[in-house]
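For reference, the structure discussed in these notes is given below.
The values are calculated or read from the model by the stated rules, or taken from the named source; none is laboratory data. In this text, all values refer to a predicted model and were calculated from it rather than measured experimentally. Neighbour counts are summed over all protein chains in view; Cβ atoms, including those assigned to glycine, are modelled from backbone coordinates with ideal geometry. SASA here: full protein model, heavy atoms, side chains in, ligands and nucleic acids out. Shrake-Rupley method; radii C 1.70, N 1.55, O 1.52, S 1.80 Å.
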Amino acid sequence: MSQFLEGIYAILTLQNLLLLAGGVLIGMVVGVIPGVGPSAGLAILLPLTFGLDPTGAIVMLAAVYYGSMYGGTITSVLINTPGESATVASTFDGYPLAKQGRAGPALVMAALASFVAGTIGAVLLAFAAPTIADFAKTFGPPEYFLIVLAGLLTVIVILKGNKLLGALSALIGFAIGTVGIDIGGGEQRYTFGSVNLINGIDFIPVAIGLFAVGEVLHTLWRGGHLEKLDFFGVSARSRGFWPTKTDIRESTGPALRGSFLGFGVGVTPGAGATIASLMAYNVEKSVSKTPEKFGKGAMAGLVGPEAANNAASSGALAPLLTLGIPGGGATAVLLGGFLMWGLQPGPLLMEQNPEFAWGLIASMFLGNIMLLLVNVFCIPGFASIARVPFRVLGPIVIVLCVLGTFAVNNSLLDVQIMLVCGVLGFFVRIYGLSPAALVIALVLGPLAEETLRQTMVISGGSLDVFVQRGTSIGILCFIAFLFLIPVIKKPVRKVTDAALQLVSLKRRGNAEEIKEREHA
């Protein structure tokens, strides 16, 4: 508690509060712009934080991260276009509510659910982070290598589509990470005689190119600049803007369930907010007394996923702070920011830099209050951003990418790398590869190489070192489980769906159907 109070004291400066408020506002704008998302927004903004102290910079970037989660909800509700993947589930019932003339209540309830989930997530993070950090202090190089491997495998396993393409994405990231000086022997690797590549390829131009430029090119390729979207306006002055008592009563349970479910999923490296929101939607539909309303404008179908994706963003910070393992593209960019400011996330971060770690956690409480106020009272203003056509926003994003990349080192080579990675990001999306897996592998690649070398030195080249401690064996069991997930996914999903349907039937009290379902 004393360290938490020190964290609050560290951010209660005028500069940090302004950075926090600015991060929340920028995150909202980033979320509202379809196709940008938190990963691209953070990558573009990262160079702008170089002149700031580490605490203020990370507080601002973290605010952009969880602020963008709600920004994507606005477009999901008003124009049926998720701002990023974590708000896909919000379109299922958010847009039907808007078509019924209830866009105002939908957005206000989503804001309240986000506030509740963000606050619960921050509380759980404050308790979980020190516990995980204490456990991680027992880790040696073998455990760290296995943790990195498990994090990457988790990202690959949960990807939709071809798992081999996900693995290929990670291998490309590893390959980019090997450019520069060999940390073991000191030889140059893949520099092709260029002195500019001796220090390796900087993380920032790669992230900006893959996430921002690649997304713009992909949106143009699929004709996003030509799309005409149906837009439902919203006004805070209208009589039906505020939710009713029925809306609040129906949303209380989904908000709490989504908060705890989302945090639990977010803590798992690689799981992310998208999976949390979709799981929350399925849970709410299964336990509802009126599942037939889902997809047609059920408030619970919007509130549950909204709570889950915001709580998951808090949960994802736990493995990032305590293990240095990012769970997705956005947290990989945050990890890149940590490393640039000389901060090494891991079990010792909360001891060596308590004002930084606890300042970040404390800022989430203030950030959620700011988000609630901004969301409720500025919804019409942010909604107007969704009307700006992509043919206008696309060139602006490209210009910001070029300026941000050049500002890092005043290097045209970085701009060239960024543009090349932008083309790479375009083809990554076209052929079903994963930019998130690529960036996570790029960030974790050097750590994986270093810990594997240390492990082999310690063991004299023997692989027995990975089965000599209970912690290593536990992580290996988890890795084995990851390989089994594709095999057991269908039967487990069938059993889970049947159990949830049984719960729903019992709540509706249909005796004959309950008997048949229990027998099944």
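Numbers at a glance
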{"quantity": "Efficiency of FRET between Val420 and Thr290 - r from beta-carbon atoms, R0 56 angstrom, step 0.05", "calculated": "0.60"}
{"quantity": "Ranked by how many other beta carbons lie within 10 Å on average, peptides 48-56, 306-314 from highest", "calculated": "306-314, 48-56"}
{"quantity": "Projected label distance in nm at Phe127 and Phe406, using a 7 Å step from Cα toward the beta-carbon", "calculated": "5.1"}
{"quantity": "Estimated FRET transfer efficiency when R0 is 30 angstrom, pair Arg453-Ser2 (beta carbons, to 0.05)", "calculated": "0.15"}
{"quantity": "Extended-chain gain in nm, criterion 0.36 nm per residue less alpha-carbon gap, Ala175 and Ile396", "calculated": "76.5 nm"}
{"quantity": "Approximate spin-label separation Trp221-Asn199, in nm, with each point projected 7 Å along Cα-to-Cβ", "calculated": "3.2"}
{"quantity": "Convex hull volume per residue for the stretch 159-207, taking Cα atoms only, in Å³", "calculated": "96"}
{"quantity": "Extent along principal axes [Cα atoms of the stretch 242-359; Å; largest to smallest]", "calculated": "52, 25, 20"}
{"quantity": "Leu463-Lys163 FRET efficiency (beta carbon distance; Förster radius 22 Å; 0.05 resolution)", "calculated": "0.35"}
{"quantity": "Global geometry of the stretch 388-431, whether rounded, prolate or oblate, following the gyration tensor of its Cα atoms and the 1.5 cut on a/c", "calculated": "oblate"}
{"quantity": "Net lengthening on full extension, Val29/Glu351 (0.36 nm per residue, minus Cα-Cα)", "calculated": "112.4 nm"}
{"quantity": "Surface share of carbon and sulfur [accessible, 1.4 angstrom probe, percent] for the stretch 326-456", "calculated": "70"}
{"quantity": "Peptide ranges 463-472, 103-112, 445-454 listed from the most packed, as the mean C-beta count within 10 angstrom indicates", "calculated": "103-112, 445-454, 463-472"}
{"quantity": "Scattering profile of the stretch 340-462 at q = 0.11, 0.13, 0.14, 0.19 Å⁻¹ [log10 I(q)/I(0), Debye over alpha-carbon scatterers]", "calculated": "-0.78, -1.05, -1.16, -1.21"}
